[in-house]
Amino acid sequence: MADPLFRPGERVRVLKAYPLGHVRTPYYVRGCTGTVERVLGPFPNPEELAQMRDGLPALPLYRVRFLQKDVWPDYAGSANDVLEVEIFQHWLEKI
Amino acid sequence: MSDTGTYRPLSYFQLMEVTLRELLVEKGLVTEEEIAAEVEAMRNRGYERGSRVVARAWVDPEYKKRLLADGTKACEELGLEIPGLRLLVVENTPEVHNAIVCTLCSCYPRMLLGIPPDWYKSRNYRSRMVREPRAVLAEFGLHVSENVTIRVHDSTADMRYMVLPMRPAGADGWSEERLASIVSRDSMIGVAVPKGPND
């Protein structure tokens, strides 16, 4: 598999990209900045699997934690509330 | 009047399912009986397995540690067969309340909790749970204090999530079986909390 580029605690930004096809990165976090909560291990790339290919080499999958107020500027709840989303490595960049 | 007699042509996906099923049977890969048995098993699966896991974690701190470290292994330890399920258990504490959603589709730990409730698959829940979780939880009758952090988990890829709720006060000395009986499906999704004798 591809080597993990990020470690728990590192700050990352989700790419603000809008490719066609089957993508598991929700629209609402694209362009948002968060923190790697944990590395989940290698998983075949779902964008490739959806095209009937093998999705290999497997990509590191991360659980990224976002502060709600960094995702929704008008978020109404506590400033500490968070969202955690699984994101594949090729959707993340260092900041 | 209930609508029981109206003829409706098969939808695109229904037709695809029938076609695939008939082909698999025709080629001898599965039998009609096997398919029917599997459908029945899926329909009958409830959330009892999840409740059992939670109750064990409540009475056995070492088991709880293993459950939080590797949910899949800890379930297998109880003899639960959960093929293909990569389970992540997230723990509620006095400081953090967890809740699960799948915004992209309806990913759900079916092997532990059975078939997801209709509301879990609704557009309303899926779109609002990540955007205004406190308002959604309030609609379920769960009012979470501002001092408690809400952590919403969107199962967007390969993991499945289950909430480990807090053991309610006043349930000391209860047997594991009795504890399991108060662990509701909704409390393992995170839209409710188990009710103890004092609630």
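Numbers below:
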item	result
Residue count, the stretch B:80-101 (criterion: touching a helix residue (DSSP H, G or I) at 6+ places or on another chain (Cβ under 7 Å) and either in contact (Cβ under 8 Å) with a residue 60 or more places away in the chain or assigned to a loop (DSSP other than H, G, I, E, B) (or both))	10
Residue identified as touching a helix residue (DSSP H, G or I) at 6+ places or on another chain (Cβ under 6 Å), more than 10 Å from every other protein chain (Cβ to nearest Cβ) and of a type in the set (A, V, I, L, M) among B:A171, B:A192	B:A192
Residues of the stretch B:148-199 satisfying the condition of being of a type in the set (F, W, Y) and under 14 Å from B:Y47 (Cα atoms)	B:Y161
Answer residue from the stretch B:73-85, given it is modelled with pLDDT under 90 and open to solvent by 20 Å² or more (accessible area, probe 1.4 Å) and is farthest from the other protein chains (Cβ to nearest Cβ) among those	B:E81
Residue tally, condition within 12 Å of another protein chain (Cβ to nearest Cβ) and either of a type in the set (K, R) or at negative phi (or both), over the stretch A:40-61	12
Conditions (1) of a type outside the set (K, R); (2) on the phi > 0 side of the Ramachandran plot; (3) open to solvent by 70 Å² or more (accessible area, probe 1.4 Å): number failed by A:H22	(2)
Residue list for the stretch A:35-66, filter: closer than 14 Å to B:A157 by Cα, without any contact (Cβ under 8 Å) to a residue 24 or more places away in the chain and either crowded, with 20+ Cβ neighbours inside 10 Å or acidic (D, E) (or both)	A:E48
Members of the stretch A:23-81 that are in contact with a Cys (Cβ under 7 Å, 6 or more places away or on another chain) and acidic (D, E)	A:D70
Answer from B:V152, B:V193, B:V148 - the residue that is out of contact with any Cys (no Cβ under 9 Å at 6 or more places or on another chain) and touching a residue at least 60 places away in the same chain (Cβ under 8 Å)	B:V193
Selected residue (only one of B:V136, B:V152 is among the β-branched types (V, I, T), more than 17 Å from the chain's Cα centre (by Cα) and not in a loop (DSSP other than H, G, I, E, B))	B:V136
Residue that is farthest from B:N98 (Cα to Cα), among those in the stretch A:67-88 that are open to solvent by less than 20 Å² (accessible area, probe 1.4 Å) and in contact (Cβ under 8 Å) with a residue 24 or more places away in the chain	A:F88
Hits in the stretch B:118-129 - residues which are free of Cβ contacts under 8 Å to residues at least 60 places away in the same chain and over 20 Å from B:E91 (Cβ atoms)	B:D118, B:W119, B:K121, B:S122, B:R123, B:N124, B:Y125, B:R126, B:S127, B:R128
Odd one out for A:L83, checked against (1) within 30 Å of B:L137 (Cβ to Cβ); (2) more than 9 Å from chain B (Cβ to nearest Cβ); (3) in a strand (DSSP E or B)	(2)
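The values are calculated or read from the model by the stated rules, or taken from the named source; none is laboratory data. Since we're looking at a predicted model, the values are computed, not measured. Note that we place each Cβ from the backbone using ideal geometry, even for glycine, and neighbour counts take in every protein chain shown. We work out accessible area using only protein heavy atoms, side chains counted, and drop any ligands, DNA or RNA first. Shrake-Rupley method; radii C 1.70, N 1.55, O 1.52, S 1.80 Å.
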